1. Can you find even one residue in the range 61-68 that is surrounded by 14 or more Cβ atoms within 10 Å (Cβ to Cβ) and either in the same structural domain as residue 173 (by TED's automatic domain parsing) or not in a helix (DSSP H, G or I) (or both)?
2. Conditions: (1) under 23 Å from residue 95 (Cα atoms); (2) surrounded by fewer than 23 Cβ atoms within 10 Å (Cβ to Cβ); (3) modelled with pLDDT under 85. Residue 208 meets all but one. Number of the miss?
3. Return only the number of the condition from (1) buried (at least 24 other Cβ atoms within 10 Å of the Cβ); (2) in a helix (DSSP H, G or I); (3) under 14 Å from the mean Cα position of the chain (by Cα) that residue 147 does not satisfy.
């Protein structure tokens with residue numbers, strides 16, 4: 001046991017350990033997802049988060065130490081978001097034909113996401129920094145963190161809320177949309193992207209390429225609209 005502790009202390013000094021742990025945790029989560037027949041409730045991101053949280057707790061590793069290695073994955077969020085423009089370009093004709101319904105859905109989805117979160121929080125007596133951290137929770141992570149900081153919220157708390165929103169959305173959207181009888185891949189994908197940002201978009205691509213393309217569109221447009229909408233709605237609730 002002493003030898004293991006010494007080896008772990010040595011490895012933990014380098015950021016490569018936590019980058020490897022992050023990739024390994026997601027690989028395990030994805031393997032579980034595939035083994036379960038790609039069922040939405042076996043979410044690979046949720047499994048990876050649980051594994052990493054358990055590892056950090058067992059090894060008493062502070063989050064800043066972990067992030068020194070994980071920041072390499074974090075950096076790829078930007079290029080990955082931009083890369084979603086490629087499938088969107090392939091479906092540009094579909095986007096043009098559905099421009100007005102998409103704008104209406106975007107306005108409704110973004111407004112409901114911000115208003116419902118803040119209304120529930122105020123109803124439970126939440127205020128101040130936590131309330132500001134909740135406002136952008138449906139936007140994609142890089143944008144949500146910037147909005148949270150500008151509103152006086154906690155970017156760290158916002159990051160947790162964004163991840164939880166994405167995981168819940170990725171798990172619930174497919175069975176919910178099936179139950180509602182919605183078969184149009186454009187509508188399914190766009191709703192998923194607006195409600196569950198990047199994690200939901202990844203799930204939409206697993207279901208259908210058109211759904212994934214429209215999810216990417218919804219995620220991007222929702223991020224822009226939330227940047228304008230969140231401060232206005234937050235002032236009303238404050």
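The values are calculated or read from the model by the stated rules, or taken from the named source; none is laboratory data. Note that this is a predicted model, so its numbers are computed, not measured. Note: ideal-geometry Cβ built from the backbone for every residue, glycine included; neighbour counts use all protein chains shown.
1. Yes, the range 61-68 contains a residue that is surrounded by 14 or more Cβ atoms within 10 Å (Cβ to Cβ) and either in the same structural domain as residue 173 (by TED's automatic domain parsing) or not in a helix (DSSP H, G or I) (or both).
2. (3) is the only condition that residue 208 fails.
3. (3) is the only condition that residue 147 fails.
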